[in-house]
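What follows is calculated from the coordinates using simple rules that are stated; it is not laboratory data. Bear in mind the structure is a predicted one, so any value in this text is a computation, not a measurement. With ideal geometry, Cβ positions are generated from the backbone for all residues, glycine too; neighbour counts draw on all protein chains shown.
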Ligand code: 13P
């Protein structure tokens with residue numbers, strides 16, 4: 001088994017998943033503004049280190065994706081953040097793209113940037129303790145989108161990123177996110193997501209990426225937020241599995257979904273059904289940002305010194321997600337908070 005395959009399996013196995021705490025400073029500021037906490041370096045660190053020292057880390061969180069600011073910070077005890085994460089048996093990862101900008105040649109779509117100087121930045125992150133990375137390609141969905149141009153340009157960037165990351169001895173998370181915004185049907189989402197993922201693997205193979213040492217982070221197959229379509233978790237699970245079975249090569253060890261604007265309960269219930277119905281060899285787990293942090297952030301914002309209370313909320317969410325990653329979650333485990 002290759003070293004990269006071992007890392008990927010360590011992050012994803014045994015009901016573990018990923019905590020995506022890699023919000024850029026701009027996004028984190030938006031999240032903190034929404035709960036009326038001042039966004040400075042100290043407050044961003046305080047919230048994140050509260051989560052990273054929670055007791056559920058060792059059972060539920062195989063990897064934490066960090067942002068550049070966080071990977072360079074130290075706790076009040078002088079530990080680096082990767083050291084804190086490693087102390088619970090989890091692995092530190094890093095977001096290495098520099099964000100999505102308007103794609104020249106398309107009016108509204110975006111291309112993710114960050115390839116220039118990436119080789120050097122990766123060596124730096126490895127030294128700081130990162131062993132896996134993330135790059136997010138983002139796709140609009142409508143009658144005309146994603147365009148062939150957006151599908152092709154983003155797949156190319158993802159593949160070049162992945163090849164560089166493996167060269168630096170780390171596991172690349174490949175994140176093609178077809179957004180939930182829009183009035184498209186779940187069937188449209190299935191069709192377009194399939195096209196997007198398929199193109200990513202074409203490019204990954206062309207760039208000689210060892211798929212055993214990668215993780216896919218896709219969206220689930222969902223109807224558009226404004227479509228009015230009602231669909232059960234069972235149907236979401238069936239469509240999502242169909243999409244992955246037909247478009248992801250079997251050498252990929254695991255799939256860690258993004259939550260993408262689903263509520264905490266929706267993201268948990270859908271993942272649970274996916275695991276109940278999973279008839280593939282892929283590990284199917286979570287790489288959630290909002291669906292792991294939302295309630296904890298809301299609670300913490302009322303008293304930022306209540307570490308234990310915040311951790312209790314986070315631990316509950318992480319344990320629910322972990323149950324869902326084993327197909328063993330039930331709504332009755334959710335307590336009212
Ligand atoms: P969400 O789970 O909040 O969608 O965030 C995951 C992520 O990492 C998006 O890039």
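Table for the structure above
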quantity: Separation in nanometres of the label points that stand 7 Å from Cα toward Cβ, at residue 142 and residue 36; calculated: 3.7
quantity: Residue among 107, 326, 30 with the largest mean-square fluctuation in a Gaussian network model of the chain, springs linking Cα atoms under 10 Å; calculated: 107
quantity: For region 9-153, convex hull volume per residue from C-alpha positions, Å³; calculated: 152
quantity: Alpha-carbon Rg with Dmax, taken over region 97-208, Å; calculated: 14.6, 45
quantity: Cα centroid separation - region 205-284 against region 130-166, whole Å; calculated: 17
quantity: Full-stretch length increase - residue 55, residue 308 - with 0.36 nm per residue and alpha-carbon distance subtracted; calculated: 90.1 nm
quantity: Efficiency of FRET from Cβ geometry, residue 281 and residue 225, R₀ 45 Å, rounded to 0.05; calculated: 0.90
quantity: Computed [θ] at 222 nm, helices only, for the chain once each DSSP H run of length n ≥ 4 contributes -39500 (n - 2.57); calculated: -14500 deg cm²/dmol
quantity: Calculated SAXS-style log₁₀ I(q)/I(0) at q = 0.19 Å⁻¹ - region 32-92, Debye, Cα scatterers; calculated: -0.68
quantity: Rounded D (µm²/s) - region 91-156, Kirkwood Rh over Cα pairs, Stokes-Einstein at 37 °C, 0.692 mPa s; calculated: 250
quantity: Computed E for residue 195/residue 332 - FRET, C-beta separation, R0 41 angstrom, nearest 0.05; calculated: 0.60
quantity: Quotient of Cα Rg and 2.2 N^0.38 Å for the chain, N being how many residues it contains; calculated: 0.93
quantity: Fraction of antiparallel bridges per DSSP, the chain only, in percent to nearest 5; calculated: 10
